[in-house]
Amino acid sequence: MIVDLAIYAGCFLMLVGAAFCLLASVGVLRLPDLLTRMHAASKAGAVGGGLILLAVAVLSFDPAVAVRAIIGVVFILITTPLSAHLLARASYGADYAAKNNIAADEMKSKSGPN
Amino acid sequence: MSAADVLDLTTMIALVMLGLSLLISIVRVVIGPTLADRVLALDLLTVLAMGFVGTVAIRTGLMLYLDIAIALALLGFLATIAFARYILAKNLGKAGKNDR
Amino acid sequence: MRAALLVLTLALIWAAITGSFNPLNLLLGAGLGLVVALLLRQSLQGRINLRRLRAALSLLGLFLWELMVSAVRVSIIVLSPNLKAALNPAIIAFPLTVKSDAEITLLANLITLTPGTLSIDVSEDRSTLYVHVLALTTREDAIADIANGFEAKVRELYA
């Protein structure tokens, strides 16, 4: 019974994770400029990938695999904001980030990242 | 419907959804107007591939796949960092010597 | 004291990863943990601080909650039929009250994974954090949100 419950919980996590992954890629396709796309990729993508790894941890029924999967989740949560931040900083300086359709830009006075 | 059937169906649905999202982000890699857009889409692509491999691990019961998923996450992170450094360096070269 | 806790935790993680909890394997894990503790002995001074542990746990809880909220909110924006109306992107300057590098790094990473915000850059004098907001209502709202949420918790952790 407990095993069945764990399987259902894992299935739920996996479906939610896959849905977030799908939403992240739709967001990367639909959103109008680089910085807004970055929101979709870094938030929905990280949550989606993390939830799928969490589902693997629940569904494996093996402590060794579960610990590795959870370490993977922690790794994703640490690295995703790092890479998003570095990419945003680099592309803002390189003028890749669209600066015209933006409501306010208080970074303009500064001449790019140093 | 037993729990095993539910698991089978769920992993199938998840694989279809992940495959669809892989295709969508490949579209962004192809059309992405700037280099940074493509790097962003590639970063998302590695996360999606990691989820895909994790789902395959559950579906086949071969937990060795999980190590591949984690290695893929590591590789994607390093690739994004390298690309971002490349964009930064290219930008610095263009700006001349008064920057840093 | 902190070193002992570190060795114990590392031994347990080692046993879990290698998949066997027999005493010999635990001992091997403890030995490896001891080497790590020796390498890190400079930064392991001091005692376990219960207040800081509680602050860290409360920060972790808030972070996980905000992460789910932010993913759901981004998804709602992505699915809205009229994207232009749902979006109001802006880059705002967030005045930092935390000063040390460790605090700024932690805060910037937390901001990136929370609803509608993405940290871009820190000014040279470490007084301002430039934050990209996905759907800006007012500038004051966005700043107060970060200052009362994560910045307060981060300051509590490092106080």
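The values are calculated or read from the model by the stated rules, or taken from the named source; none is laboratory data. Treat the numbers as computed from the prediction; the structure is a model and nothing was measured. Methodologically, a virtual Cβ is constructed for each residue, glycine included, from the backbone with ideal geometry; neighbour enumeration extends over all protein chains shown. Calculation scope for accessible area: heavy atoms of the full protein, side chains included, ligands and nucleic acids excluded. Shrake-Rupley method; radii C 1.70, N 1.55, O 1.52, S 1.80 Å.
List of remarks:
- Projected onto their three principal axes, the Cα atoms of segment C:50-158 cover extents of 48, 31, 19 Å, largest first.
- Degrees, to the nearest 10: B:3-31 long Cα axis against longest axis of chain B: 20
- Listed by chain and number, the aspartates and glutamates whose alpha-carbon sits under 12 Å from that of C:Lys99, ignoring those within fewer than 8 places in the same chain, are C:Asp125, C:Glu151.
- Virtual spin-label span in nm between C:Thr105 and B:Asp8, 7 Å along Cα→Cβ: 5.0
- In degrees, nearest ten, helix C:2-18 long axis to first principal axis of chain C (Cα): 90
- The overall shape of segment B:3-95 is oblate: from the C-alpha gyration tensor, with semi-axes ordered a ≥ b ≥ c, the ratio a/c is 1.5 or greater and a/b is no larger than b/c.
- Entry note, chain B: the mean residue ellipticity at 222 nm calculated from DSSP H runs of n ≥ 4, each adding -39500 (n - 2.57), is -31500 deg cm²/dmol after division by the residues and rounding to the nearest 500.
- Close amide H pairs (under 5 Å, H built 1.01 Å from N) link C:Asp121 with C:Tyr130, residues at least 5 positions away or on another chain.
- Table column - 3J(HN,Hα) (Hz), segment C:63-79, Karplus curve with 6.51, -1.76, 1.60, x for Gly and Pro: 4, 4, 4, 4, 5, 5, 4, 5, 5, 5, 5, 4, 4, 4, 5, 4, 7
- With θ taken as phi - 60° and the Karplus curve 6.51 cos²θ - 1.76 cosθ + 1.60 applied, the whole-hertz 3J(HN,Hα) list for segment A:19-31 is 5, 5, 4, 4, 5, 4, 6, 4, x, 5, 7, 8, 5 Hz, x standing for glycine and proline.
- Average partner coverage of B:13-26, which counts Cβ from other chains inside 10 Å: 6
- Directionally averaged projected area (convex hull, Cα atoms, segment C:2-44), nm²: 2.6
- Rounded to the nearest 20, the size of the Cβ-charge dipole of segment B:12-100 about its Cα centre is 380 debye, with Lys and Arg at +1 and Asp and Glu at -1.
- Per residue accessible area of segment B:3-95, 1.4 Å probe, in Å²: 46
- Coarse-grained scattering of segment A:1-40 at q = 0.14, 0.17, 0.28, 0.32 Å⁻¹, given as base-10 log I(q)/I(0) from a Debye sum over alpha-carbon atoms: -0.45, -0.53, -0.83, -0.93
- Residues of segment B:39-54 that lose at least 30 Å² of accessible area (1.4 Å probe, protein heavy atoms only) when the other protein chains are present, relative to their chain alone, are B:Leu40, B:Leu44, B:Val47, B:Met50.
- Ordered from longest to shortest, the equivalent ellipsoid semi-axes for the protein assembly as shown are 34, 28, 19 Å, each the square root of 5 times a Cα gyration tensor eigenvalue.
- Rounded FRET efficiency, nearest 0.05, which uses the C-beta distance separating B:Val30 from A:Val3 and R0 of 56 Å: 0.80
- Contact order normalised by residue count of chain C, Cα under 8 Å, 6+ apart, percent: 22
- Percentage relative contact order, segment C:2-44, counting C-alpha pairs under 8 Å, at least six apart: 50
- Size of the C/A contact, given as accessible area buried on both chains, probe 1.4 Å, in Å²: 3500
- Amide H contacts under 5 Å for C:Ala135: C:Asn88, restricted to partners 5 or more places along the chain or on a different chain, H placed in the peptide plane at 1.01 Å from N.
- Where B meets A: accessible area buried, both sides, 1.4 Å probe, Å²: 4200
- Per-residue mean of foreign Cβ neighbours for B:81-92 is 5 (Cβ atoms of other chains, 10 Å radius).
- Phi to ³J(HN,Hα) by Karplus 6.51 cos²θ - 1.76 cosθ + 1.60 over segment B:50-59, Hz, x for Gly, Pro: 4, x, 4, 5, x, 5, 4, 4, 5, 5
- Bridge type composition, the protein assembly as shown - antiparallel percent by DSSP, nearest 5: 85
- Highest to lowest packing among B:65-71, C:2-8, scored as the average C-beta count within 10 Å: B:65-71, C:2-8
- With all protein chains kept in place, the per residue accessible area of segment C:58-159 amounts to 44 square angstrom at a probe of 1.4 angstrom.
- Mean projection area, nm², convex hull over Cα of segment A:2-93: 5.9
- Helix C:23-39 and the longest principal axis of the Cα set of chain C meet at an angle near 60°.
- Most fluctuating residue given options C:Ala108, C:Ala15, C:Ala55, as computed from a GNM of chain C linking Cα atoms under 10 Å: C:Ala15
- Measuring between their Cα centroids, segment C:1-74 and segment C:79-111 lie 29 Å from each other.
- Surface composition of chain C: carbon plus sulfur atoms contribute 67% of the solvent-accessible area (1.4 Å probe, protein chains only, all chains present).
- Carbon plus sulfur fraction of accessible area for chain B, probe 1.4 Å, in percent: 73
- Straight-distance candidates among the aspartates and glutamates for linking to C:Lys153, with alpha-carbon spacing under 14 Å and chain neighbours fewer than 8 residues away dropped: C:Glu66, C:Glu103, C:Asp145.
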